[in-house]
Amino acid sequence: MKINIKTTAVILCCALAFSTLYGCGKDAEPVSSEPAVEETDEGKGDLIEDDEVDETNEEPVINYLALKGPSYTGLTNLTKENNEDGSYCYKDMTEDALTVITNMSSRNSQRDGQDPDAYAENFVCAVVDDTDSAKIISSKNDETVSGSTTYPSYRVYWESGSNEDTRQNAGVVVLTDNFTYYYGYGCPIDFYEDNVEFYESELDNVKLIDLADLDATSESASDASGKSSGGYEVYLDKIDELKSEGLADQFTLAFINDDGRDTPELIASDSTGSFDHENAFIFTFEDGEVVEVASVISGVDGANLDYAIGANLIHISGAAAGMRDAFYRIEKGKLEEVFVAEASSMDEDAKYSINGESAKKDDYYKQINDFMEPYNPLVRIAYDGLYDVTYTYSDGYGGFEQGSSESYTPASEITGK
């Protein structure tokens, strides 16, 4: 299975309401550590009535944590909830219309004496799935995610639906002091075996983001906005500057340099497509400062600015004569060149070079293709959207083909203005 990489926004939640979970038909004993389908009639656990909730749970608690999983392109959003009570729920379907990715949270309501693994299963049955059809297959202590989040984490395997609508799911439940989080994948049961290895590897990369730490890195920005925006807050002043100078008016968040930091890169573009100034930008946050790492006048002399999420790769194309495709990584707030392909012209007698070494035409395009293959598709920063671009090679020639597009995030949603 292949899911394209994409930009992702992290969610800051407000005060969470309370709800307390019972069963899912499970006692506190842990279940088998290996996924193996078990026939069961176990259903969704009941919720405690309001008058049964411990009064100590009624105090509002600010939620400064959110899960961040791998990011993809070509998604169709199914659910987008970021509620005033602090809970959130995001569900997206992949381009092949098979996999649904769920990221959500709710108030931690573990009962006294209830084992955390049983509570994790109950959370799936009572909160993650609200169709009364969830059936736990198995669960296990997720040492990989626990190690990265420092909180108890459980990998839960479960089914939902029935007959031809049966879906099989794999997800991670993270139990913090006040909140419970879920991040997981699900698809029709007939396709699950083909996808489960991919799901497992992606779940290993789930991280818990502490948004309070982000607030501390940019006090002036958060004061100006009155709220955090999941990593954007360090860029609020830069966004205002770009808008006031007429350089850019559309933005998005992208974890290009996915080096474990919580702060992503900022992508900016000018919707007018003006050629009077740079109109496509990438910024990063390094040593407490916003740094511009790349910018081009997109559309002039073949210039384009592309990036690969999580792979720390930026592509800049364009030349006054001929063509140039240069690839870089972000290192300490600056671009470091890793691969450069140049052609002196587009004529038959053009001279070709790879990393400064002369190359034959056929080999020139093939080397670009071989370099690009692990990174396809890139995301292109264009005035009218963010486009998937894929390098293709055949019959001795190669080039970037532009595919589907996605919209930028409106600046008002980032700045609150």
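The values are calculated or read from the model by the stated rules, or taken from the named source; none is laboratory data. Everything numeric here is computed off the predicted structure, so don't read it as measured data. Note: ideal-geometry Cβ built from the backbone for every residue, glycine included; neighbour counts use all protein chains shown. SASA here: full protein model, heavy atoms, side chains in, ligands and nucleic acids out. Shrake-Rupley method; radii C 1.70, N 1.55, O 1.52, S 1.80 Å.
The listed peptides 371-383, 90-102, ordered by packing as a protection proxy, come out as 371-383, 90-102 (highest mean of other Cβ atoms within 10 Å first). Multiplying the residue separation of residue 271 and residue 97 by 0.36 nm and removing their Cα-Cα distance gives an extension gain of 59.6 nm.
Modelled spin labels at residue 373 and residue 331, positioned 7 Å past Cα toward Cβ, are 2.6 nm from each other.
Per residue, segment 349-392 exposes 50 Å² of solvent-accessible protein surface, assessed with a 1.4 angstrom probe and all protein chains in place.
Give me the percent of the accessible area of segment 310-411 that comes from carbon and sulfur atoms, probe 1.4 Å, all protein chains in place.
On the way: 2360 of 5310 Å².
In segment 310-411, the share of accessible area belonging to carbon and sulfur is 44 percent.
Taking a Cβ cut-off of under 12 Å around residue 292, the surrounding Lys, Arg, Asp and Glu residues balance to a net charge of -3, with basic ones at +1 and acidic ones at -1. Between segment 365-383 and segment 305-344, the alpha-carbon centres lie 10 Å apart.
For the residue pairs 243/351; 135/207; 243/366; 332/361; 68/140, the C-alpha atoms sit more than 30 angstrom apart in 243/351; 243/366; 332/361. On the accessible surface of segment 129-216, probed at 1.4 Å, how many percent belong to carbon and sulfur atoms? Here it works out to 41 percent. Normalised per residue, the accessible area of segment 118-190 is 34 Å², obtained with a 1.4 Å probe and no contribution from ligands, DNA or RNA. Label-to-label distance, residue 338 versus residue 198, with points set 7 angstrom from Cα along the beta-carbon direction: 2.2 nm.
On the basis of the beta-carbon distance and an R0 of 25 Å, residue 292 and residue 401 show a calculated FRET efficiency of 0.30.
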